[in-house]
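Structure, as structure tokens:
The values are calculated or read from the model by the stated rules, or taken from the named source; none is laboratory data. Predicted model only: the values in this text are computed from it and were never measured. Please note: Cβ atoms are built from the backbone with ideal geometry, for glycine as well, and neighbour counts cover all protein chains shown.
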Amino acid sequence: MAAATDTASNANAQQLVLEREPLVLNNRSFSWITNRICGIVENRQPLGWWFLFLPSVLLTGVMVFCFAYLIVTGVGVWGQKQPVDWAWDITNFVFWIGIGHAGTLISAILFLTRQKWRTSVNRAAEAMTIFAVMCAGLFPAFHVGRVWMVWFLAPIPNANAIWQNFKSPLLWDVFAVSTYFTVSLIFWFLGLVPDLATLRDRCKPGIRKALYGIFSLGWRGSNRHWSHYETAYMLLAALSTPLVLSVHSVVSFDFATSVVPGWHATIFPPYFVAGAIFGGFAMVLTLMIPVRKIYGLQDLITMKHIDNMAKIILLTGTIVGYAYCMEFFMAYYGANPFELQTFKLRALHGPSVWYYYAMFFCNVFAPQVFWFKRFRQSLLAVFIVSNFVNAGMWYERYVIIVTTLERHLTPGSWRTFDATWVDNWTFIGTFGFFMMLFLLFLRFLPVIAIGEVKGVKPEADPHYGESHDRGLQEAEVMGETDSEILASQKAAPAH
Amino acid sequence: MSHHHVSFKDLPEGGEKFDPAKASKVIGTFGALAAIGLLGSAYYAFGTHGDTQKGFAYSWLYAIFVGFTFVAGGTFWILLHNASNSGWGVAVRRLFENLGTMALPLGILALPLLIPGVQNTLWEWFGHHRAHPGLEGLHHAAESDPHLHPLVDKYGYLNITFWTIRFVLYFGILWFISTKLRSYFLKQEADGDIKHTVYAREFACMVLLPFALTVTFAAVDWIMALDYTWFSTMWGVYHFAGCAWSSMAAMLLLVIYLQSLGYLQKVVTGEHFHLMGKLLFAFTVFWAYIAFSQYFLIWYANIPEETRFYFIRNTGVWRNVSIFIVIGHFVVPFVFLLQQQLKKSPKFIGFWAAWVIFMHFVDIYWNVIPERAHSMGLEPAPGSDTPFLPGAWVGDVLALCAVVGTIGYLYLRSLGKHSLYAWRDPRLLESANVRN
């Protein structure tokens, strides 16, 4: 909580200043920050890392096996049958794509809105984004049936003169997701460059030094380097921002352009985007709460960071709740019997109502505990709620996709979906794949953006110290430009 | 950009009091607009009859809804500012607070919408409800007129009693929120206690949801229900985008004007213009995103009960207005507001703020007015393909003058009651010295 400090007074009335909480606790020095973050990469991994890594590799193997089994047998090993032609595969695709939203949101949108607290979590969130999009891409790729023909999705002229259906939102998805992945990857890599140079400079000569050297692109931290870097970072942030919105909007078009009751709602694009941010932040918390504990990063990822993210979850959860209710209200208000029937089947007497209740509980009710500071400050509570949200966002996609198709317009073809063991294990396997990639990222790359987190320290302000005669700890209070922050890095040694 | 560092010693105790006498020209202009508009409106309302009189009901609804978007937008920005624990906007927040409190006079101006004759003209469903009272009556009538079936289905929401309660609530909630939020900071100016800032934040968080529901359902009740068969889940978000966009533009113009009178010199800098310009830009894009999504999904799915809204706006003369909105509401401001350096220039941002307000008038006009001729069953004039009520645009302009003039006049007159900024706000220096 912000502290009240007596500061200056003019003629009569005493004036107070509400200070901002520091983003780096215990006044940690620049070198402490470098050592602590680089230490994760340079030292032996704690036992906990291995406890997580080995099962993740095992589950990745299970995923590979499931996909291999699908290839040799056919898509029929999954549970989808008429009329549920989109089932777990598309549910999982939308789920993972949603997870992949927080990273670029934190990097780009919070950068543009000058939310400095992003610096402690943006790197890990961006990495998570990339891994989540990789997991997402697997499902539609295998759902096409013959995965070796998946390149037909790209508009490449071919001998059979087969051309894509440009009128289909499914094709737009191919473009939207691949663009998002590419830009997110470049953005992530660009942010890594100065930190890779730091790692390079700390390494003993050898293969690691060579690799960090190659990927740090000759970074020396000169003024000119920082200047170009900032311009590129800003431009990429500006380019990524519409992408964060476009990806999930296009995913929502897969459903909303149709005339299927329960799918066709004009609110779908912003509703999907809010849901994606919601689910993405939940996954960031799920990963970062253990990471900060295992690697002792409590001074960098502070309770203030956790608190902010919990509030974003509360806000986006409530927006998602607004969308659920608005859909329901318009199903009633629109007086279309088919639309209303779909919602009644979802929520009242369909075969999968408990999915709907689970969704509503996890996404709308569970985050409401974050109204209370006590819960936002309890790591256990935040961890539990963020996992509710992870689950709830999966249920949401299941509700939208599967429960709608199970009770399509023709009652004669109604059929309840049953997942097969391949469905189950493929999905579980992607969690292993995701965790494996994330753990490798922890092992080889700096989990926190070293340069950026130093920039939010008060002493990074070029005017730090000047204001002390005014009796104000202003460096933390004032919003200096990021270019000034990063320029000041030049004065500070790289490590 | 470097400017002199502002400390409390630079700021006058008691803040800056606005003297309406200094702004007599502008206040006089608003007053004259209000007088002309109100007199003209009175003539249209009482001195005409038949279609002209009925058509004026739409004019008044249009003007009231324009006013509502500004007031709701002002309330939104103070809610966001407090709830997000933001610092930069302390120097200009009071202006938004005052805008939100205009909900009360606006509510009084909106009272004619409670007159049964006006309601029956604007919202067809009122007429049916009055002709066939009660659910039973409607049910019975629907047996011979199947068009009434939807009214039976949505009776729980669309009924006269509930509608009237909501009507009062919309203005009441906005007025309560903005008055309450302002009162925290007025108390702070008396005792200097920091706790009021915290209370204001807690209050703002709690009323965010009621605010969102207010904007959503006001837009549903007043505009969407002009055609009781039409519906869109995006509707509330669309109008919320317009509220935030237009009110930010209005406050930008006001800040520029106040500075030209010599106010806010120390606390508002080019950085504030830049920040407000960025938010204006953000909502230019957000509005376009929402407007496009709504249009696109309805166009693509092509379901008759949904396409009617766009059908009457995409044909005939209204098609030109639609295209003009795409260009003027999005493309042009998008291109110009992109440029960082220009956003810090009061002249530049002032021009685009004025443009934004104009385009917002056009957007609401396009939302409300095309329904008029269709609902009144008018036929296109010979040689035209769009039905119009001849000469009705005069009434539209007069109504707009009446509402905007009155609200502008009352707003500027009341601006002198309190300091122009919360002078004991603990984040005032943060705002005055903001750099972004």
Q: Within the stretch B:312-323, count every residue that is loosely packed, with under 15 Cβ neighbours inside 10 Å and of a type in the set (F, W, Y).
A: 0
Q) For the stretch B:276-290, what are the residues that are more than 8 Å from chain A (Cβ to nearest Cβ) and free of Cβ contacts under 8 Å to residues at least 12 places away in the same chain? A) B:A282
Q: Return the residue satisfying two criteria in turn: it lies in the stretch B:291-324 and is farther than 16 Å from B:N367 by Cβ and aromatic (F, W, Y), and of such residues it is nearest to the other protein chains (Cβ to nearest Cβ).
A: B:Y300
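Every residue, every condition in (1) among the hydrophobic types (A, V, I, L, M, F, W, C); (2) in a helix (DSSP H, G or I); (3) over 30 Å from B:W222 (Cα atoms), yes or no:
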{"position": "B:G14", "(1), (2), (3)": "no, no, yes"}
{"position": "B:S24", "(1), (2), (3)": "no, yes, yes"}
{"position": "B:A32", "(1), (2), (3)": "yes, yes, no"}
{"position": "B:D51", "(1), (2), (3)": "no, yes, no"}
{"position": "B:A57", "(1), (2), (3)": "yes, yes, no"}
{"position": "B:F65", "(1), (2), (3)": "yes, yes, no"}
**Q.** Those residues of the stretch A:96-137 which are part of a loop (DSSP other than H, G, I, E, B), more than 9 Å from the chain's Cα centre (by Cα) and surrounded by 24 or more Cβ atoms within 10 Å (Cβ to Cβ), in sequence order
**A.** A:V121
Q. Residue check, B:K266 against (1) surrounded by fewer than 19 Cβ atoms within 10 Å (Cβ to Cβ); (2) more than 13 Å from chain A (Cβ to nearest Cβ); (3) touching a Pro at 6+ places or on another chain (Cβ under 9 Å), all met but one. Which one?
A. (2)
Q.
Restricting to the stretch A:310-369, count the residues that are outside any helix (DSSP H, G or I) and more than 14 Å from chain B (Cβ to nearest Cβ).
A. 3
Q. Out of the stretch B:275-305, which residues are part of a helix (DSSP H, G or I) and more than 27 Å from B:G73 (Cβ to Cβ)?
A. B:W299, B:Y300, B:A301, B:P304, B:E305
Q. How many residues, within the stretch A:229-268, are part of a loop (DSSP other than H, G, I, E, B) and within 10 Å of chain B (Cβ to nearest Cβ)?
A. 9
Q) Can you tell me how many residues in the stretch A:285-309 are away from chain B (no Cβ under 14 Å), assigned to a helix (DSSP H, G or I) and among the charged types (D, E, K, R)? A) 2
Q: For B:D221, state whether it is in contact with a helix residue (DSSP H, G or I) (Cβ under 7 Å, 6 or more places away or on another chain) and over 26 Å from B:G87 (Cβ atoms).
A: yes
Q. Out of (1) in contact (Cβ under 8 Å) with a residue 40 or more places away in the chain; (2) surrounded by fewer than 18 Cβ atoms within 10 Å (Cβ to Cβ), the odd one out for A:P194 is which?
A. (2)
Q: Please specify each residue of the stretch B:355-380 satisfying the condition of being within 14 Å of B:D227 (Cα to Cα) and in contact (Cβ under 8 Å) with a residue 40 or more places away in the chain.
A: B:N367, B:V368, B:I369, B:P370, B:E371, B:R372, B:H374, B:S375, B:M376
**Q.** Single residue of the stretch A:381-432 satisfying the filter (basic (K, R) and buried (at least 16 other Cβ atoms within 10 Å of the Cβ)) that is modelled with the lowest pLDDT
**A.** A:R407
Q. Can you spot a residue in the stretch B:223-232 that is within 13 Å of another protein chain (Cβ to nearest Cβ) and assigned to a helix (DSSP H, G or I)?
A. yes
Q | Residues that are over 30 Å from B:I177 (Cα atoms) and not in a helix (DSSP H, G or I), drawn from the stretch B:99-144 | A | B:H132, B:P133
(Q) Kindly evaluate B:Y238 against the criterion of being within 13 Å of chain A (Cβ to nearest Cβ) and either closer than 30 Å to B:F126 by Cβ or at pLDDT below 95 (or both). (A) yes
(Q) Looking at the stretch B:109-129, can you tell me whether even one residue there is at pLDDT 95 or above and farther than 24 Å from B:S375 by Cβ? (A) no
Q | For B:F336: the one exception among (1) more than 14 Å from chain A (Cβ to nearest Cβ); (2) among the hydrophobic types (A, V, I, L, M, F, W, C); (3) buried (at least 22 other Cβ atoms within 10 Å of the Cβ) | A | (3)
Q) Exactly one of (1) touching a residue at least 60 places away in the same chain (Cβ under 8 Å); (2) assigned to a helix (DSSP H, G or I) is unmet by B:H5. Its number? A) (2)
Q.
Of everything in the stretch B:179-203, what is within 12 Å of another protein chain (Cβ to nearest Cβ) and in a helix (DSSP H, G or I)? Give them in sequence order.
A. B:Q188, B:E189, B:A190, B:D191, B:K195, B:H196, B:T197, B:V198, B:A200, B:R201, B:E202
Q | In the stretch A:302-348, the residues that are in contact with an Asp or Glu (Cβ under 6 Å, 6 or more places away or on another chain) and among the aromatic types (F, W, Y) | A | none
Q. Considering A:S227, A:S222, which residue is touching a Ser or Thr at 6+ places or on another chain (Cβ under 8 Å), surrounded by fewer than 23 Cβ atoms within 10 Å (Cβ to Cβ) and of a type in the set (S, T, N, Q)?
A. A:S227
Q. For B:L338, which of the numbered conditions (1) over 30 Å from A:I109 (Cα atoms); (2) free of Cβ contacts under 8 Å to residues at least 60 places away in the same chain fails to hold?
A. (1)
Q | Scope the stretch A:67-95; condition part of a helix (DSSP H, G or I) and more than 26 Å from the chain's Cα centre (by Cα); matching residues | A | A:A68, A:Y69, A:L70, A:I71, A:V72, A:T73, A:V75, A:G76, A:V77
Q) Only one of (1) closer than 24 Å to A:G100 by Cα; (2) within 14 Å of chain B (Cβ to nearest Cβ); (3) not β-branched (V, I, T) fails for A:A276. Which number is that? A) (2)
Q. Which one of these is away from every other protein chain (no Cβ under 14 Å), in contact (Cβ under 8 Å) with a residue 60 or more places away in the chain and not aliphatic (A, V, I, L, M): B:F126, B:F167, B:F171, B:F176?
A. B:F171
**Q.** Members of the stretch A:187-228 found to be in contact with a Leu (Cβ under 7 Å, 6 or more places away or on another chain) and in a helix (DSSP H, G or I), listed by number
**A.** A:F187, A:L190, A:L192, A:V193, A:Y212, A:F215, A:W226
